[in-house]
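The numbers here are math on the coordinates, done by the rules we state, and not lab data. On a predicted model such as this, the values are computed, not experimentally measured, just so you know. Every residue, glycine among them, receives a Cβ derived from its backbone with ideal geometry; neighbour counts consider all protein chains shown.
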Amino acid sequence: MADKFKRRNKANIGDIVIDANHPAREFQVDGYSHEIYTDADGEYEEITYDVYDVETCEFLIAFEEDLTVVVKAEMADDYLRSKYGINASKPSDIERKIVDDIMKEFTAKEKALREAKAIVNKAEVSRDINDVDTLLDEINDYKTLIKMFGDEDKKYELAICEAKAKLKELTEGGR
C-alpha cells in the first residue's frame, strides 16, 4: 500500500516544525496521516500532521503545505533543552500544571458522583412515567444551561448526575 502514495511526508514524528498559520510558534510532530481520496473526478492525496506547541502543549492539526521543518527529531531534545529549558527527564511547569488541573477536576467529579449516589440512595423514587419524563426534561434543561452559560462550579453537572442516578433507579428498579 505504501508504494501507492505519490507524496512523501516532509516531517517525521518528533520533528520541530513551524506552521505558516502560526509563524511565531514552534510545534513538535506527534503523528501524521497520509490519505488518498478517490471520487469520480480523480484521486487526491493529502498529508496532515498532529502537532503540539512546544511551550503551551496546545494541539493542532496542520497541513503539510503549511509546515516548515526547523529541527529533525534526532536533534529535537537538545534543541528544546537549549532554547526553552525543557528537560525530558524532569516535567516542566506547564506539564505539572496540566496534571494538577486534571487531578483537581477528577477529584471534584469523583466527590460529586459519590455525593449524588448518596442522595439517590436516600431518596424514595416512585415508578411512574411522569417521573421519568420530568427527569429527562431536567437533564436536557441542565445541558442547555451548560451550553449557554458554562458550568465552572459544576453545579449543573452534579444536578445531571443526580437526575441520571434517579432515572437509573426508576428504570432499573430492584434489578
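How would the stretch 2-89 be classified by its alpha-carbon gyration tensor: rounded, prolate or oblate, with rounded meaning a/c under 1.5 and the a/b versus b/c comparison settling the rest?
On the way: a/c = 2.95, a/b = 2.19, b/c = 1.35.
Since a/c reaches 1.5 and a/b is larger than b/c, the shape of the stretch 2-89 is classed as prolate.
The residues packed around residue 147, meaning those with a beta-carbon under 13 Å from its beta-carbon, carry a net charge of -2 if Lys and Arg are +1 and Asp and Glu are -1.
Applying the criteria of a DSSP loop state and at most 11 other Cβ atoms within 10 Å to the trypsin sites (Lys or Arg not before Pro) of the stretch 1-77 yields 6, 7, 8.
One decimal place: the segment residue 50-residue 74 gains 6.8 nm when fully extended, by the rule 0.36 nm per residue minus the C-alpha distance.
Using the Cβ atoms and a cut-off under 11 Å, what net charge is assigned to the surroundings of residue 135, where Lys and Arg are +1 and Asp and Glu are -1?
Values: positive: 164, 166, 168; negative: 131, 133, 137, 138, 141, 162, 169.
Once positives and negatives cancel, what remains is -4.
Our estimate of slack between residue 151 and residue 110, defined as 0.36 nm per intervening residue step minus the Cα-Cα distance, is 13.1 nm.
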